[in-house]
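Bear in mind these aren't lab numbers, they're just calculated from the coordinates by the rules spelled out. Remember, predicted model here, so these are calculated numbers, not experimental data. FYI the Cβ positions are ideal-geometry reconstructions off the backbone, even for glycines, and counts take in every protein chain you see.
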Ligand code: HEM
């Protein structure tokens, strides 16, 4: 920025970020915000964080709280009338200790490194199914929308099988999952929650029913295991069980879907990197990390100061919200060389996209393995695949991904 240019007001930058054009391409706006520094104090009432080290520290600070029920009472009065947030505040993502610790202890061992390794054959089978689906649909030269036909099918296939959700129910869950993620967007008006409310009610009914069926006739799936652990005296109410099962489905369907779509698009846009991904299986891990850094499925996370504190020299009063712009942190030039360049061979790549600290993503290893398996398989099977027109993104900023991704399969 030249000395004669003036900085745009941070709230104006935020306003443009929330407009449809900003959501299609938020990255120049993050740079406008970064011009104010890594920690941007807006008159003591809101803080935006754009730096990598600063976001990483915020995620590990026990005095910065996730949006639980008590936080939401202050941030969004009236939320208790809305079932989307009623249910969200009963899951581990939107709780703080001691509830968070209790939930996390109950669910985390199911996602250990050993469990994830044992799921590899299932993940390969699901990837094979999603790839074959695309190959069959595109065989006559027809356009295929990869979002429902590959990325959602793969992501939901994996978590659906783990949770014991029958395959015939997967397609019907797509709209429900999408509507629930709308409740995570910045809320200007409570009416914005209505689509998420309806979706959450339908999903809660679905999971209450699934839990009842698995209780009556247990299988080898995780839902059966969780029901058994709860009934054997696990510290969890039935509602908390249902709320966290819903979280597992939504978290494992939407963000992995977006990671897969973004990976395929970036591969199709970068032929040299695509060729390397196809030829060298060892390069897949770097490709996943760079996609997570360069165009993350989750762009921003919210925290609230539990008490008066000082954060990198900025005084933050109790109750002040902090918006951690992790997608900006992922392009912090103090941390990454040429941050605007897509470079899957980047060394020491540590994107913030799976969060950090107490809420570090429980499904990170599973999401990585699924993406490393599915995308090279797709590109190797269909070497003539090409994008049809410029890809567009959903009108969302917290959870970013393609609404459609049209390709021909060659
Ligand atoms: C690309 C894929 C994924 C991304 C980008 C992602 C991202 C995230 C992020 C950013 C958080 C923490 C939010 C915060 O700190 O406020 C989180 C938490 C979580 N994720 Fe993921 N996730 C992905 C895949 C998955 C999968 C496959 C699962 C399930 C198997 C999963 C389950 C969870 C759960 C249960 C939490 C809550 C953890 C807690 O609060 O302790 N995620 N994820």
Once you have a ≥ b ≥ c as the square roots of the Cα gyration tensor eigenvalues for the chain, tell me rounded if a/c is under 1.5, and otherwise prolate or oblate according to whether a/b is larger than b/c. oblate
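Sorting check: for 35-41, 71-77, 113-119, which peptide has the highest mean count of neighbouring beta carbons within 10 Å, and how do the rest follow? If you can, show how the numbers build up before the last one.
Numbers: 35-41: 18.1, 71-77: 14.4, 113-119: 12.4.
My ranking of the peptides, most packed first, is 35-41, 71-77, 113-119.
Roughly speaking, what is the stretch gain from residue 408 to residue 317, that is 0.36 nm per residue apart minus the C-alpha to C-alpha distance, in nm to one decimal?
Details: separation 91, 0.36 × 91 = 32.76 nm, distance 5.35 nm.
Between residue 408 and residue 317, full extension yields 27.4 nm more.
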If the chain between residue 279 and residue 237 were fully extended at 0.36 nm per residue, the gain over the current Cα-Cα distance would be 10.2 nm
State the Cα centre-to-centre distance between segment 50-95 and segment 177-193 in whole Å. 14
Gyration tensor verdict on segment 280-410 (Cα atoms; rounded if a/c is under 1.5, prolate if a/b is larger than b/c, oblate otherwise): prolate
Cut-off 18 Å, label 7 Å out along Cα→Cβ of residue 25, residues of segment 320-352 by amide N: 328, 331, 339-342
Cα-projected label distance for residue 122 with residue 105, points at 7 Å along beta-carbon direction, nm: 2.6
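For residue 142 and residue 307, compute 0.36 nm times the residue count separating them, minus their Cα-Cα distance, and round to one decimal in nm. It would help to have the intermediate numbers written out before the result.
On the way: separation 165, 0.36 × 165 = 59.40 nm, distance 5.76 nm.
Between residue 142 and residue 307, full extension yields 53.6 nm more.
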Under a point spin-label approximation (7 Å from Cα along Cα-to-Cβ), what is the residue 129-residue 191 distance to one decimal in nm? 4.1
Could you rank the peptides 263-270, 294-301, 60-67, 279-286 by their average count of other C-beta atoms within 10 Å per residue, with the highest value first? 294-301, 263-270, 60-67, 279-286
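Relative contact order of segment 236-328: what whole-number percent is it, with Cα pairs under 8 angstrom and at least 6 residues apart? Present the calculation step by step, with values, prior to reporting the outcome.
Details: 74 pairs, mean separation 20.3, N = 93.
Rounded, it is 22 percent for segment 236-328.
With contacts defined as alpha carbon pairs under 8 Å and 6 or more residues apart, what's the relative contact order of the chain in percent?
Dividing the mean separation by the residue count of the chain yields 26 percent.
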Could I have the simple spin-label model distance between residue 337 and residue 9, label points 7 Å from Cα toward Cβ, reported in nm to one decimal? 4.1
Computed, not fitted: 222 nm per-residue ellipticity of the chain from DSSP H runs ≥ 4 (each -39500 (n - 2.57)), nearest 500, equal to -16000 deg cm²/dmol
I need the per residue convex hull volume for segment 48-181, using only the alpha carbons, in cubic angstrom as a whole number. 187
Where a ≥ b ≥ c are the square roots of the eigenvalues of the C-alpha gyration tensor, would you call segment 338-384 rounded, which needs a/c under 1.5, or, failing that, prolate if a/b is larger than b/c, or oblate? oblate
